Structure formats: C-alpha cells, structure tokens
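This report refers to the structure that appears directly beneath it.
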Amino acid sequence: MLRALKEAGKSPLAYRYHMRGDKRDNPEFVLSGSASAPVVYHLFGTAREPGSLVLSENDLLDFLIAIVSERPPLPNSLSRGAQAERTELSLRRLRNQPVVPARFDESAGALA
C-alpha cells in the first residue's frame with residue numbers, strides 16, 4: 001500500500017497498532033487531512049516489528065480482546081479519523097489478497 005501510494009506521487013504517513021505493547025507503543029498521531037499525505041494504519045502490526053503482528057488464530061483472539069478491553073487502546077486520532085466524513089478504509093486480510101475498500105457512513109455510524 002505504501003509503495004503504491006508513493007508511486008502515485010503521494011507522501012503517505014505510516015503507523016501501526018502493537019497489541020502486545022502498551023499505550024506508549026501506540027502513540028497518538030496527527031491526521032494530515034490531505035489527499036497528498038494519506039495515513040496508512042497497520043492495524044494488525046508490521047513485518048518490521050514481528051512482535052506486533054497478528055498471524056495466528058490465537059493472535060486474532062488476543063487482538064480482539066486487546067481492542068475490546070482497550071489494553072492497549074487504539075489511538076484516539078485513529079477513532080476520530082474513522083468517524084470523519086471523508087475517511088476511506090482499505091481492509092487487507094493477508095498479503096496478496098484483494099483489498100476491500102469501505103467508506104465510513106457518518107449518518108449511519110457504520111462502515112458502508
């Protein structure tokens with residue numbers, strides 16, 4: 001995703017969630033609000049930090065528990081960004097799997 005955005009002339013900002021970390025490992029960030037500098041948030045971690053990755057079914061269960069219990073919490077900036085009128089989310093399950101675009105419908109309070 002980052003490479004594709006860079007090839008398209010964008011300057012993406014990359015952040016990640018670390019379910020095994022604490023609040024300091026998942027800092028707040030500033031949303032650019034700019035199409036030229038989109039934010040890419042790796043919700044399931046990144047390969048550059050293998051300990052942050054959600055890989056197995058057990059990892060997925062641990063991830064869901066971490067998200068629901070807010071231990072560690074998602075950054076508030078991510079929640080605010082997901083609720084913004086013009087936010088577009090791309091959910092990718094596994095590498096080389098199709099990207100599923102979704103839009104947050106603010107009036108319905110859900111993904112459309």
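Zone of residue 24 (label point 7 Å along Cα→Cβ, backbone N under 18 Å): which residues in the stretch 58-79? Taking a point 7 Å out along Cα→Cβ of residue 24, the residues of the stretch 58-79 whose backbone N falls under 18 Å are 71-75. All other residues whose Cβ lies under 11 angstrom from that of residue 63 are scored, Lys and Arg at +1 and Asp and Glu at -1, for a net of -2. Placing R0 at 35 angstrom, the Cβ-Cβ distance between residue 74 and residue 36 gives a FRET efficiency of 0.90 after rounding to 0.05.
Values in this text are rule-based calculations from the coordinates and carry no lab data. From a predicted model like this one, the values you see are computed outputs, not experimental measurements. When we count neighbours, we look across all protein chains shown, and the Cβ atoms used for this are built from the backbone with ideal geometry, even at glycine.
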